[in-house]
Amino acid sequence: MGPHPAVAAIRLAVRRVLHDILTDHSSHSPRSRTTGERAGERVGGRIGARLARPVGGIQAIPEQTPNERPPSPLVLVACSGGADSMALASALAFEAPKLGIRAGGVTVDHGLQPGSDLRADEVALRLRELGLDPVESITVTVGRDGGPEAAARDARYAALDAALERHGGTAILLGHTRDDQAETVLLGLARGSGIRSLSGMAAVSGAGGRYRRPFLQLDRQTARKACMVQALPVWDDPHNADPAYTRSRLRHEGLPALEKALGKGVVEALARTAQLSRDDADALDTWASQAEASVRDAAGLLECAKLYALPPAVRRRILRRAAIEAGAPAGSLFARHIEEVDRLITGWRGQGAINLPGKVVAQRQGGRLVIRQG
């Protein structure tokens with residue numbers, strides 16, 4: 001008799017991601033030798049042996065053994081102790097050894113609640129009991145920039161990045177579910193941030209694709225059920241039910257109200273919207289990258305007439321990229337900023353410079369758009 005359907009679902013999701021990680025890891029490892037190269041090694045074996053001897057007092061470094069395999073990748077799971085991340089940790093611990101992958105875990109203590117350090121130690125102990133190694137508990141200091149939720153997220157990802165580098169890991173698995181994706185889409189819609197925000201969280205993100213989200217096609221209840229049937233203890237963060245937090249209000253009030261008004265299937269529809277929006281946003285980003293060179297003059301300045309001829313979605317992407325390259329922080333550069341810069345192209349009436357975050361200034365000069373530090 002096989003595992004419970006919920007357990008089978010989470011394991012399958014993790015197995016697929018681990019296969020992707022192995023494929024990526026292999027593609028970055030030293031390439032396999034061809035038949036011709038191996039034959040050349042046999043013919044030149046005696047020459048190679050002579051070269052390996054000390055020459056002039058210097059020991060030559062022997063070549064890597066042809067059949068020597070690269071070290072197996074290390075995959076970490078970010079675990080808060082909640083149902084989503086505990087289900088993910090259990091699936092990683094089960095699947096990784098079968099694929100020859102080393103598996104470890106990281107838990108982050110934000111220090112925002114009494115006893116959070118003890119809880120982090122408990123989570124670390126549970127990860128070790130699952131057989132994960134290495135396991136690390138990291139305490140961070142949460143700032144205030146961007147609000148409490150954004151500040152905690154920034155501190156957490158910084159800690160995860162550092163842990164991955166410290167342990168020489170390949171990837172970090174995150175337990176975001178389809179429900180989290182739906183909430184992210186609604187938050188982006190409420191901010192009016194454009195199609196990129198509507199695309200939600202990517203299945204693969206971060207530098208070099210280090211962050212992987214196996215559960216974006218699974219609902220939250222599947223993860224919780226998997227923990228229950230495996231008798232895995234879980235911790236429900238009280239912040240997730242605190243109405244002081246926007247996402248909490250959306251989870252417990254907003255989404256239920258939408259389902260009551262529109263019927264079941266809202267979460268699935270929002271997650272599907274995220275994927276469709278991501279595909280469109282990726283295509284527009286590619287178009288903008290290819291078009292950017294054609295709208296710059298010999299000095300590299302943006303030509304207003306050529307920008308005007310582009311579709312608005314492509315033009316605004318070029319303007320946003322130019323502002324970021326000039327020093328505007330991406331997280332502080334909103335749609336309203338880009339719209340104001342866009343008016344220098346589409347609604348030029350001699351208006352003055354536009355001030356952007358990061359002390360960046362955009363102004364029109366002689367048919368050129370100049371974006372630079374003020």
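The values are calculated or read from the model by the stated rules, or taken from the named source; none is laboratory data. Remember, predicted model here, so these are calculated numbers, not experimental data. Cβ sites come from the backbone with ideal geometry, for glycine too, and all protein chains shown count toward neighbours.
Of note:
- Tabulated pairs, the stretch 165-191, first over 25 Å from ALA103 (Cα atoms), second assigned to a helix (DSSP H, G or I) and at pLDDT below 90, C-beta under 6 angstrom, 6+ apart or interchain: GLU183/ARG247; VAL185/LEU198; GLY188/SER197; GLY188/LEU198
- Residues within the stretch 200-227 that are under 9 Å from the mean Cα position of the chain (by Cα), assigned to a helix (DSSP H, G or I) and loosely packed, with under 15 Cβ neighbours inside 10 Å, tallied: 1
- Failed criterion for GLY175 (all others in (1) outside any helix (DSSP H, G or I); (2) modelled with pLDDT under 95 hold): (2)
- Among the residues listed as LEU125, LEU99, LEU132, the single one being closer than 18 Å to HIS167 by Cβ, of a type in the set (A, V, I, L, M) and modelled with pLDDT of 95 or more: LEU132
- Residues that are buried (at least 16 other Cβ atoms within 10 Å of the Cβ), in the same structural domain as ALA78 (by TED's automatic domain parsing), in contact with a helix residue (DSSP H, G or I) (Cβ under 9 Å, 6 or more places away or on another chain) and at pLDDT 90 or above do not occur anywhere in the stretch 188-198.
- Restricting ARG220, ARG210, ARG224 to residues that are closer than 19 Å to THR170 by Cβ, in contact (Cβ under 8 Å) with a residue 12 or more places away in the chain, in contact with a helix residue (DSSP H, G or I) (Cβ under 8 Å, 6 or more places away or on another chain) and basic (Lys, Arg) narrows the list to ARG210.
- Within the stretch 107-122, restricting attention to residues that are free of Cβ contacts under 8 Å to residues at least 40 places away in the same chain and assigned to a loop (DSSP other than H, G, I, E, B), the residue that is nearest to ARG156 (Cα to Cα) is GLY111.
- Filtered residues of the stretch 71-86 (kept if assigned to a loop (DSSP other than H, G, I, E, B) and of a type in the set (A, V, I, L, M, F, W, C)): CYS79
- The helices (runs of 4 or more DSSP H) found wholly in the stretch 228-346 and carrying at least 3 residues that are surrounded by 13 or more Cβ atoms within 10 Å (Cβ to Cβ), of a type outside the set (Gly, Ala, Ser) and in contact with a Leu (Cβ under 7 Å, 6 or more places away or on another chain) occupy 266-292, 312-325, 335-346.
- Options ALA150, ALA155; residue that is part of a helix (DSSP H, G or I) and surrounded by 17 or more Cβ atoms within 10 Å (Cβ to Cβ): ALA155
- Enumeration of residues in the stretch 184-199 that are part of a loop (DSSP other than H, G, I, E, B) and in contact with a Lys or Arg (Cβ under 7 Å, 6 or more places away or on another chain): SER199
- Within the stretch 129-155, residues that are closer than 10 Å to HIS110 by Cβ reach partners that are hydroxyl-bearing (Ser, Thr, Tyr) with beta carbons closer than 7 Å, at six or more positions or on different chains, in the pairs ALA155/THR141.
- Scope the stretch 158-174; condition under 12 Å from the mean Cα position of the chain (by Cα) and buried (at least 16 other Cβ atoms within 10 Å of the Cβ); matching residues: LEU160, ALA171, ILE172, LEU173, LEU174
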